[in-house]
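Novice: What follows is a structure written as structure tokens; I'll ask about it next.
The values are calculated or read from the model by the stated rules, or taken from the named source; none is laboratory data. Quick caveat, the model's predicted, so the values are computed rather than measured. Counting neighbours? That spans all protein chains shown, and the Cβs are built from the backbone with ideal geometry, glycine included. Areas reflect the complete protein model, heavy atoms only, side chains present, ligands, DNA and RNA absent. Shrake-Rupley method; radii C 1.70, N 1.55, O 1.52, S 1.80 Å.
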Amino acid sequence: ACFSLGVMVTMNQRLEADTLLLVADEFGYKIEFSDADLEESAIEEDTDTEEDLLPRAPIVTVMGHVDHGKTSLLDYIRKTNVIAGESGGITQHIGAYNVQLENGQRITFLDTPGHEAFTAMRARGAQITDIAIIVIAADDDVMPQTKEAISHAQAAGVPMIIALNKVDKPNANPDNVRQQLSSMNVLVEEWGGNVQSQEVSAKFGNNMDALLDKVLLQAEMLELKANPNKNAQGVVIEASLDKGRGYISTILVQSGTLKVGDYVLAGKNHGKVKAMLDERGKPLESAGPSIPVTILGLDGAPTAGDKFRVFEDEREAKSIATKREQLQREQSIRTKKHLTLDELGRRI
Ligand code: GTP
Ligand code: MG
């Protein structure tokens, strides 16, 4: 039946859903697809009750055009909120960290480079951000990447706070930015709208406290909660191979608590958490909801945006990882085949 449909396959090859429907139709059958596919069957039902849920820190993503000051803004916040005794410990840049403010409140920040499409994260269905800070340099225009960031936040229903950055510059013109925002229907509070905004200088630290207050105000309204008393699950922020330490992955716990010794499946990688480090490289024994940590012990580098979860049963985690890898391999063989056929076509 496949051949007659022009689909060249062998007996033990997986078929696309569309092809399956056609083939079944040839034989007079109807196919019903079950929602519980490979991935989902591995996901436990969320059975948290209201009493299980405890307040958690907001997860704030900083987005905006290249060079508008996202990293500077985060660096300033991090520098000024280092708890006494911990200063000097900041070693390297990582894309996620948690800060504790003077009043004891915590905020988790995610940095996204301007050149890297935030789409990748959302495309994998990993909705992880509670609040988006859109950084716009006040000496520049609302640029394409800024517009993209705004529409991502809007599409995801994530509240935005506009940071009008670089107001220390003599040619800064925040009103020009407000104007351009209003022409795309983003009306800031000063102009009678409902989008919070704050003029800042990430370089000199002007009004950074006011910006953080706005983040906390927004977070309070969202009443963010999670159950810390279960096996952890969350999302991969970044991962790489470290010469001395093997694969290191920065992950963000969304619910539950991750502990050293837990068995983790992340995308198609898995392994026992050998060690956990905070953003300053300090060892941790456990990490609860909204906390980003770097973990050691996975057998490879999962992809940013992959979901992770803890398994009681090591074998189950391994078998899902193997199946995912197999599916991916088949997928890539198939695409390669198509390429060769295309090339052939061109040559003929
Ligand atoms: P990408 O990650 O490449 O997208 O850039 P970014 O948005 O993280 O910008 P980054 O923080 O690297 O800042 C870009 C440049 O702008 C640097 O040279 C900063 O020193 C400068 N800059 C950032 N904020 C300010 C500010 O408030 N005032 C002034 N004068 N310069 C700033
Ligand atoms: Mg940056």
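For (1) within 16 Å of ligand 1 (Cβ to nearest atom); (2) open to solvent by less than 70 Å² (accessible area, probe 1.4 Å); (3) among the aliphatic types (A, V, I, L, M), each residue gets a yes or a no:
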site	(1), (2), (3)
Asn173	yes, no, no
Val200	yes, yes, yes
Val253	no, yes, yes
Gly261	no, yes, no
Asn269	no, yes, no
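Novice: Whether any residue in the stretch 29-37 is modelled with pLDDT of 75 or more, of a type in the set (S, T, N, Q) and over 30 Å from Glu223 (Cα atoms) is what I want to check.
Specialist: Within the stretch 29-37, not a single residue is modelled with pLDDT of 75 or more, of a type in the set (S, T, N, Q) and over 30 Å from Glu223 (Cα atoms).
Novice: Also, quick follow-up: From the set of residues in the stretch 202-251 that are within 16 Å of ligand 1 (Cβ to nearest atom) and of a type in the set (A, V, I, L, M, F, W, C), which is farthest from Asn98 (Cα to Cα)?
Specialist: Phe204
Novice: Please enumerate the residues belonging to the stretch 295-323 that are among the β-branched types (Val, Ile, Thr) and open to solvent by 20 Å² or more (accessible area, probe 1.4 Å).
Specialist: Residues satisfying the conditions are Thr303, Thr322.
Novice: List pairs: first residue in the stretch 60-72 and of a type in the set (Ser, Thr, Tyr), second residue open to solvent by 10 Å² or more (accessible area, probe 1.4 Å) and part of a strand (DSSP E or B) anywhere in the structure, Cβ distance under 7 angstrom, at least six positions apart or on different chains.
Specialist: Close Cβ pairs (under 7 Å, with a partner that is open to solvent by 10 Å² or more (accessible area, probe 1.4 Å) and part of a strand (DSSP E or B)) amount to Thr71/Asp111.
Novice: Counting only residues that are of a type in the set (D, E, K, R) and part of a strand (DSSP E or B), how many does the stretch 234-278 have?
Specialist: 4
Novice: Is the stretch 73-84 home to any residue that is within 25 Å of Val235 (Cβ to Cβ) and either modelled with pLDDT under 80 or assigned to a strand (DSSP E or B) (or both)?
Specialist: For the stretch 73-84, residues within 25 Å of Val235 (Cβ to Cβ) and either modelled with pLDDT under 80 or assigned to a strand (DSSP E or B) (or both): present.
Novice: Can you name the residue in the stretch 187-215 that is within 16 Å of ligand 2 (Cβ to nearest atom) and in contact with a strand residue (DSSP E or B) (Cβ under 8 Å, 6 or more places away or on another chain) and, of all such residues, is farthest from Lys79 (Cα to Cα)?
Specialist: Initially, the stretch 187-215 is screened for residues within 16 Å of ligand 2 (Cβ to nearest atom), giving 200, 202-203.
Right, trim to in contact with a strand residue (DSSP E or B) (Cβ under 8 Å, 6 or more places away or on another chain) and you get 200, 202.
On the way: Val200: 16, Ala202: 11 Å.
Among them, the one singled out is Val200.
Novice: Can I ask one more? Which pairs turn up if I take residues in the stretch 128-155 that are under 15 Å from Met184 (Cα atoms) and look for partners that are among the polar types (S, T, N, Q) and surrounded by fewer than 19 Cβ atoms within 10 Å (Cβ to Cβ) with beta carbon separation below 6 Å, at least 6 apart in sequence or on another chain?
Specialist: Close Cβ pairs satisfying both conditions: Val142/Gln180.
Novice: Same structure again: So the check is Cβ under 6 Å with 6+ separation or different chains; which pairs have a first residue in the stretch 216-228 that's open to solvent by less than 20 Å² (accessible area, probe 1.4 Å) and a second one that's among the charged types (D, E, K, R) and part of a helix (DSSP H, G or I)?
Specialist: Hits for this filter: Asn227/Asp52.
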